[in-house]
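Where a number appears in this text, it was derived from the coordinates with a stated rule and is not lab data. In this text the structure is predicted, and so the values were computed from the model without any measurement. Using ideal geometry, Cβ is built from the backbone for each residue, glycine included, and neighbour counts are taken over all protein chains shown.
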Amino acid sequence: MKFFWVGLVFCVPVMAQQSLDIRYLIRFNDDFAGGRNDRLHSGLLITGEGKSSFMMVARTSFNQKNESDVNLTGDTSFVVRTDQQAGVLYAWEGDLSGERYWISDSLWPMEWTIREEKKQIGELLCQLASCRFRGRNYEAWFAPEIPVSAGPWKMGGLPGLIVEMEDDQQHMVVRLETITATDQVPLLPQKVRYNWPAFASRRNTFYKRLKDAARAVSTGNCISCQQESQIDIVSWEAYD
């Protein structure tokens, strides 16, 4: 499937204290069984007063390819908020049961390498940066003239707004659409269920049990017989 990116970057005078409404067009592969199911999403990032709020909503409905094809993220996914003064990031996560809750995470733990390459994107002169973050390699073009450290999803910490970003397998491809001033102020969650290590351990244990249950087969009096599981769940984030 091919996508054609069409968009313009609208610039506004940016002050460090100003709240901004930043819109992205995002192509995301939400097939977590190792295949491809690329869909376009709208990304909204609100920044102001040392906080940020990001959410991503699918522009098209999930296309179920077969009975075992399950959309693990839902059509509203990757809801992230940050408190930059406290150095904390919050993510809205959930289980296959449909239960949703907030988890806390480190604020921008990725280690960026800022490169020499520069290019013009719309009206913005951008510079290239790269990093490895939880099992995936990313490249991002950022605009130093827009002093916003927050970015799409959990990504951020660069000396300028992320204008374009993608991982090296193009499972997530992000393009800036618009920037406007706003009166909105990002809100922080009131209750947190897990921190990232506890959540990741819980999630990985559940995935392992799911695969083991699918693999185990009892046939006649051969209760130890097994066949390879047909379930392959690929976590978007993983420990390196």
| Counting Lys +1, Arg +1, Asp -1, Glu -1, what net charge surrounds Leu125 among other residues with beta carbon under 12 Å of its beta carbon? | -1
| query | If you look at just the Cα atoms of segment 113-168, how large are its Rg and its Dmax in Å? | reply | 10.5, 33
| message | Using a 7 Å offset from the Cα along the Cα-to-Cβ direction at both Val88 and Arg136, what is the distance between the two label points in nm, to one decimal? | response | 2.6 nm
| Calculated from backbone phi, Karplus (6.51, -1.76, 1.60) coupling profile of segment 37-42 in Hz, x at Gly/Pro | 8, 6, 9, 7, 10, 9
| remark: Sorted by chain and then number, the residues having a modelled amide H within less than 5 Å of the amide H of Asn195, at least 5 places away or on another chain, are Ser104
| query | Taking amide hydrogens as modeled 1.01 Å from N in the peptide plane, which residues meet the under 5 Å criterion relative to Leu107, leaving out close sequence neighbours? | reply | Leu89
| With Cβ to Cβ distances under 11 Å as the rule, what net charge do the other residues near Arg100 carry (K, R +1; D, E -1)? | -2
| remark: Listed with the fewest Cβ neighbours within 10 Å leading, Arg23, Arg209 appear as Arg209, Arg23
| Label point distance in nm, Leu188-Ala238, each placed 7 Å from Cα along Cα→Cβ | 3.3 nm
| said: So the label point goes 7 Å from the Cα of Gln18 along Cα→C-beta, right? Which residues of segment 161-175 then have their backbone N under 15 Å from it? | reply: 161
